[in-house]
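Read through the structure below, which is laid out as structure tokens, and then see the notes.
Readers should treat all values here as calculations from the given coordinates under stated rules, not as data from a laboratory. Keep in mind the model is a prediction, meaning the values are calculated, not measured. A quick note on method: Cβ atoms are made from the backbone with ideal geometry, for glycine too, and the neighbour counts reach across all protein chains shown.
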Amino acid sequence: MNMNSRSQLECSAKSERLHGSGGARLLRYFAIYAALWKNSVTRETMFKGNFVLWIIVELLWFGLQLAFIGVIYLHTETIGSWTKWQVVLLVGASQFIQQIYQAFFLVNCANLSELIRTGKLDFLLMLPVNTRFVVSLRQVDLGGFVNALSALAVMVYALWQLQFMPTFLQVLAFLMLCVVGILIHYSLMFMLATISFWTVRAQGIVYGYYNLFQIARMPDEAFRGLFKAIFTFALPMLLVSNVPVRVLIQTLEHLRPLMLLLALGFACAMVSEWVWRQSVRRYTSASS
């Protein structure tokens, strides 16, 4: 990283320290995020047709996924130990996690390469806030929240078909594990986005990872061998939605998958932060 970029980082860090700590800093970041939300709402209202069309496309795709499950269960009673409505619940949970992730992070991770290519990252480095915070959360996809609600509706209907009423603690555990899954997706995709510091453009890689989300919609027992190992440990797609659903409907036979999900969430977050710091250090300011 050249001297200009280094001075920008030092200025940003010093300004952030001067703005207080603890509760005051938390309130300040909350106010910043509220402003980002306001900008996102304004942007969506300017393109209402695109907003509605994208929701319709997502709903149609979600419906096709559910129809696919229906076709599969015309020829079998179970996939491993998963019944039809358990898999419908799994598809709904996967859609919920994916849409919440998309609402908060997808566009921001994909746009990192554009910030680097155009030099707009210089401006963000000079702001008296954590740069990763702004890069990761500067835009909000409001359509993702609408699609997440449709996923929740499917989950409720699947639970009704299963004649199963989860307790408050089970629902709370499910939501917390969904947060862990979203953290894993964000950490891995953000690491892939930092490739832009070397190649300038990495949007294809980022969206390639996003397409792998579809694997999370399938029961873990449907896979074997190397494929299952890769998508459990290297790219933990199978854990992200399978574990929360198993906890919700009490089909988790032992704690090993749960502990693995939590451990991977922590590890991915730490590695992602380290990769980000290393990437910024080699960043060459576009203004130099």
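The table below lists the values:
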item	result
Sorted peptide list for 117-124, 95-102, criterion being average Cβ within 10 angstrom, highest first	95-102, 117-124
Degrees separating the helix 107-118 axis from the principal Cα axis of the chain, which is the longest one	30
Point-charge dipole on Cβ atoms (K/R +1, D/E -1) for the chain, about Cα centre, debye to 20	820
Inter-probe distance in nm under a simple model that places probes 7 Å from Cα toward Cβ, at Glu77 and Arg201	5.4
Theoretical FRET efficiency, 1/(1+(r/R0)^6), r = Cβ-Cβ of Trp61 and Arg224, R0 35 Å, to 0.05	0.80
Projected-area average for the stretch 167-288 over all orientations - Cα convex hull basis, square nanometres	8.9
The chain: angle of helix 84-101 to the longest principal axis, Cα-based, in degrees nearest 10	10
Ranking of Met191, Met270, Met165 by count of other Cβ atoms within 10 Å, fewest first	Met165, Met270, Met191
Convex hull per residue volume in Å³, alpha carbons only, for the stretch 3-281	147
Footprinting exposure proxy for Met126, Met155, Met259, Met237 (fewest neighbouring C-beta atoms within 10 Å first)	Met259, Met126, Met155, Met237
Order of Glu114, Glu77, Glu58 under a 10 Å beta carbon neighbour criterion, fewest first	Glu77, Glu114, Glu58
Quarter of the Cα convex hull surface for the stretch 25-178, i.e. its orientation-mean projected area (nm²)	12.2
Difference of contour (0.36 nm per residue) and Cα-Cα distance, Thr42 to Thr251	70.9 nm
Net charge dipole size for the stretch 165-284 [Lys, Arg +1 and Asp, Glu -1 on Cβ; Debye, nearest 20]	360
For the stretch 225-280, fraction of C-alpha pairs farther apart than 14 Å, in %	60
